[in-house]
1. Specify which of the listed residues (LEU119, LEU44) is open to solvent by 40 Å² or more (accessible area, probe 1.4 Å) and touching a helix residue (DSSP H, G or I) at 6+ places or on another chain (Cβ under 8 Å).
2. Of all the residues that make up the range 142-169, how many are in contact with a Lys or Arg (Cβ under 8 Å, 6 or more places away or on another chain) and not in a helix (DSSP H, G or I)?
3. I need the full set of residues from the range 127-186 which are open to solvent by less than 30 Å² (accessible area, probe 1.4 Å), of a type in the set (Gly, Ala, Ser) and touching a residue at least 40 places away in the same chain (Cβ under 8 Å), in order please.
4. Does ILE191 satisfy being out of contact with any helix residue (DSSP H, G or I) (no Cβ under 9 Å at 6 or more places or on another chain), among the aliphatic types (A, V, I, L, M) and farther than 23 Å from THR40 by Cβ?
5. For ALA108, state whether it is within 27 Å of LEU158 (Cβ to Cβ), at pLDDT 85 or above and in contact with a Leu (Cβ under 9 Å, 6 or more places away or on another chain).
6. Across the range 71-121, what is the total count of residues that are part of a helix (DSSP H, G or I) and farther than 15 Å from PRO168 by Cβ?
7. Given the options ALA51, ALA60, name the one that is open to solvent by less than 90 Å² (accessible area, probe 1.4 Å) and under 13 Å from ALA265 (Cβ atoms).
8. Any idea which residue in the range 63-79 is nearest to ASP256 (Cα to Cα), counting only those that are more than 28 Å from the chain's Cα centre (by Cα) and open to solvent by 70 Å² or more (accessible area, probe 1.4 Å)?
Amino acid sequence: MKTTIAPPAAGSAGGERSRLRRLIGGGALKLVLLLYAAGTLYPLYWLFISAMKTNEDFFAHPYSLPSEWVFTNISRAWDLGNMGRAMLNSAIVTSVSVALTLLLGTLAAYVLSRFQFRLHKLALGIFVIGMLVPIHSTLVPLFIFMNKIGMLDTYGALILPYTAFELPIAIFIVIAYLSSIPREIEEAALIDGNGWWGVFFRMILPLCKPALATVAILAFLRFWNDFAFALVFINSQALKTLPLSLSLFSDGYGTDYSLTMGAMAIAVLPTIIAYLIFQEQIMKGMTAGAVKG
């Protein structure tokens, strides 16, 4: 008695090929993302291993692990660059500037997104123009203006320009996010007896946390790493910010790379910590308002 084996169904073979293609495609995507992550993280890895090398080792083996781990580079950079004071100055300037940017930017965005008035389009146009102005082209007129009013060599010489130049991007990020918040929420709050200030502080600010986190981290990166404004507007050693302290390890004749890398490793840590804390809120704020409905 003969037994016959039926050939596999065409649909089954097609399903196997489809699953195989999905597996290959998923593996290729994961490989690309892994390579991208490695390329993104490698500069940080290189910075931290370079911070532990001597100058001779840095030039002889720039991409390998240190032949001898020199942990004193960090402490020497901290002491020689007076980085404790510089970090405090940067923290004061950055925190106050970020707070002002969030408050004023959210207030302006709320008014521009929820109210219609005669100069509405003009106000929006002014903020658009503010995004187009090259920041560093204003250094000379700002220096002359601050010199006349006696504001040079103060925290305000950095806080006010930082806030002013960051407001346009903050306003448009918050406006995009507010477009995803139903107006009925505000109407219900008004019916319950809240005024406009109550609606703003009790409803709008809490609901805008993702957008505010995005604005905060973008502003933090710009303010914390700024060199040009601090160089022009600050001359007092007691008010120098962190980027200015990094320049102390380089002069016209050479650069102490071991101390420079150690100082840069210290300077970059607050940025990494801030991003890790707010990364979820940042992603929500960047995508909110992109798709309505």
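1. LEU44
2. Final tally of qualifying residues: 0.
3. Correct list: ALA157, ALA170.
4. Taking the combined requirement at face value, the residue satisfies it.
5. In short, yes.
6. The qualifying residues number 30.
7. Unique residue meeting the criteria: ALA51.
8. If we take residues in the range 63-79 being more than 28 Å from the chain's Cα centre (by Cα) and open to solvent by 70 Å² or more (accessible area, probe 1.4 Å), then ARG76 is nearest to ASP256 (Cα to Cα).
The values are calculated or read from the model by the stated rules, or taken from the named source; none is laboratory data. What you see is a predicted model; the values in this text were computed from it and never measured. Don't worry about glycine lacking a Cβ; one is built from the backbone with ideal geometry, like all the others, and counts go over all protein chains shown. We work out accessible area using only protein heavy atoms, side chains counted, and drop any ligands, DNA or RNA first. Shrake-Rupley method; radii C 1.70, N 1.55, O 1.52, S 1.80 Å.
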